[in-house]
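Visitor: First, the structure itself, so that you have it in front of you.
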Amino acid sequence: MNDTTRWLLPAMLVLVLVMLAVLTTPMGSRGLSYDADLETLVEAGTYEVGADPFIVVAADLDGDSDPDVIVTNHAAGSVSVLINKGDGQFEDPVEYPTGTGTFGVACADIDGDSHPDVIVTNERSNTVSVLFNGGDGVLASRTDIPSGPGPHMTAVADFNGDSLLDIAIPNYDSRTVSVLINRGDGSFDERVDFTTHLQPFSAVASDLNGDGAVDIATASYAEGYVDILWNDGSAGFTTRTAIEIGPEALWSIASADLNGDGLPELIVTRYSSGAVTVLENHGGGSFTASVDYLTGTGGPCWVTPFDVDGDTLLDLAVVDGYAHTLTVLRNEGDGTFEHKVEFETGRGPSSAAAADFDGDGRQDIAVANWESNEVVIFLNRQEQ
């Protein structure tokens, strides 16, 4: 049994959970009807990476304006970089060692040289690794920073208003989020920990109350809560709002303005009930009761906002680790979703990233498949 099965439940257990979900389907949940007009994603390439690829992101590492693909390999203790050739095809992956149990990943210019570096969390060695980019996409040097126990999916933002990008890390084994303040030279102040609910699995950074300071929201795997840690403007997160979603496994959390009112919503995947939950932002730190969208048979583990049809509205890409699918939910224009389409991904998809990989102005999708050790590229052929 590999490490990833710690969260991606064995098939028999998931079957039981799916049957139970029939009885525990979230109240107010909405079904989605199939829409063939959304069948615009075409599989364009599969790339073998390290063992148990888990989180995938996209960033231009070599400065050619084409987004590259970066993925963490949990069992291998490494990160793989796929350099984009410019047409949606990629060079063979280059693998860089990190720590033990490599988990989350983000890209940001940490040392102020205008090149995005790669930040990964290592949940078994309890470290954060920063791999520094020389500007050519080669990660030539690395520094390791102690973290809290079980660091998971990292978020990057300027939390104290000094124009330097800081790091927030949910610590799965300590019910805390660690904040690392950037000194500007590639090093960080000693971490400060803030309390969350049990087993914070993922985090997202966004100004959720419109005060100009970037807040942090986390999803609790064990207790089914979303915690919002309000930023006082100087990276102090002592005030917290807890929103109960349900007594089940919350996996990923994302933030995006879905209804065009300038306020970012929160979107959470509910692994054991087969649903995606949207929390509508009403400003001033107020969110409505959740709206739940049933995406499939059970096992949605990642959600990525992106525009599938070129209408400037943010749709949702959801990967399901149990059904082995990528489901696209189309935004109806008011932040609600009524239609979907599904694509087969390969075995055990765990995350997805959106970017224009072939330079045609449409957003494409990269999916990490932890079970088959590969990244799959889907190019968007939507007519505009």
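Let's see how each residue does on (1) crowded, with 20+ Cβ neighbours inside 10 Å; (2) at pLDDT 95 or above; (3) more than 18 Å from Gly45 (Cα to Cα):
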site	(1), (2), (3)
Ser65	no, yes, yes
Asp68	yes, yes, no
His74	yes, yes, yes
Ser78	yes, yes, yes
Val81	yes, yes, no
Asn84	yes, yes, no
Glu91	no, yes, no
Tyr96	yes, yes, yes
Gly101	yes, yes, yes
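Visitor: Quick one: in the range 326-356, of everything that is of a type in the set (Ser, Thr, Tyr) and buried (at least 22 other Cβ atoms within 10 Å of the Cβ), which residue is farthest from Ala249 (Cα to Cα)?
Guide: Going residue by residue through the range 326-356, those that are of a type in the set (Ser, Thr, Tyr) are 327, 336, 345, 350-351.
Those left that are additionally buried (at least 22 other Cβ atoms within 10 Å of the Cβ): 327, 345, 350-351.
Details: Thr327: 19, Thr345: 22, Ser350: 14, Ser351: 16 Å.
Looking at residues that are of a type in the set (Ser, Thr, Tyr) and buried (at least 22 other Cβ atoms within 10 Å of the Cβ), I get Thr345.
Visitor: Taking into account only those residues within the range 120-142 that are open to solvent by 10 Å² or more (accessible area, probe 1.4 Å) and in contact with a Ser or Thr (Cβ under 7 Å, 6 or more places away or on another chain), which is nearest to Gly63 (Cα to Cα)?
Guide: So, considering only residues that are open to solvent by 10 Å² or more (accessible area, probe 1.4 Å) and in contact with a Ser or Thr (Cβ under 7 Å, 6 or more places away or on another chain), the one nearest to Gly63 (Cα to Cα) is Phe132.
Visitor: Now, a different point. For the range 288-318, what are the residues that are under 17 Å from Val226 (Cα atoms), surrounded by fewer than 21 Cβ atoms within 10 Å (Cβ to Cβ) and touching a residue at least 24 places away in the same chain (Cβ under 8 Å)?
Guide: Ala289, Val291
Visitor: Output yes when any residue across the range 147-159 is open to solvent by 40 Å² or more (accessible area, probe 1.4 Å) and either modelled with pLDDT under 95 or of a type in the set (Gly, Ala, Ser) (or both), and no when none is.
Guide: no
Visitor: In the set Ser220, Ser178, Ser187, which member is open to solvent by 10 Å² or more (accessible area, probe 1.4 Å) and small (Gly, Ala, Ser)? Lay out the reasoning, then the answer.
Guide: Details: Ser220 fails: open to solvent by 10 Å² or more (accessible area, probe 1.4 Å); Ser178 fails: open to solvent by 10 Å² or more (accessible area, probe 1.4 Å).
Being open to solvent by 10 Å² or more (accessible area, probe 1.4 Å) and small (Gly, Ala, Ser) holds for just one of Ser220, Ser178, Ser187, which is Ser187.
Visitor: Scan the strands (runs of 3 or more DSSP E) fully inside the range 268-384 and keep the ones with 3 or more residues being polar (S, T, N, Q).
Guide: The strands (runs of 3 or more DSSP E) meeting that bar are 325-331.
Visitor: Could you list, in sequence order, all residues of the range 242-264 that are closer than 17 Å to Ala155 by Cβ, in contact with a Leu (Cβ under 9 Å, 6 or more places away or on another chain) and outside any loop (DSSP other than H, G, I, E, B)? Walk me through it before giving the result.
Guide: Step one: filter the range 242-264 for residues closer than 17 Å to Ala155 by Cβ, giving 250-256, 264.
Subsequent filtering for residues that are in contact with a Leu (Cβ under 9 Å, 6 or more places away or on another chain) retains 253-256, 264.
The answer is Ile253, Ala254, Ser255, Ala256.
Visitor: Across the range 61-73, what is the total count of residues that are in contact with a strand residue (DSSP E or B) (Cβ under 7 Å, 6 or more places away or on another chain), over 14 Å from Ile119 (Cα atoms) and part of a loop (DSSP other than H, G, I, E, B)?
Guide: 3
The values are calculated or read from the model by the stated rules, or taken from the named source; none is laboratory data. Note that the coordinates shown come from a computational prediction; the quantities given were computed from them, not determined experimentally. Using ideal geometry, Cβ is built from the backbone for each residue, glycine included, and neighbour counts are taken over all protein chains shown. Side chains are part of the model used for accessible areas, which takes the heavy atoms of the whole protein and leaves out ligands, DNA and RNA. Shrake-Rupley method; radii C 1.70, N 1.55, O 1.52, S 1.80 Å.
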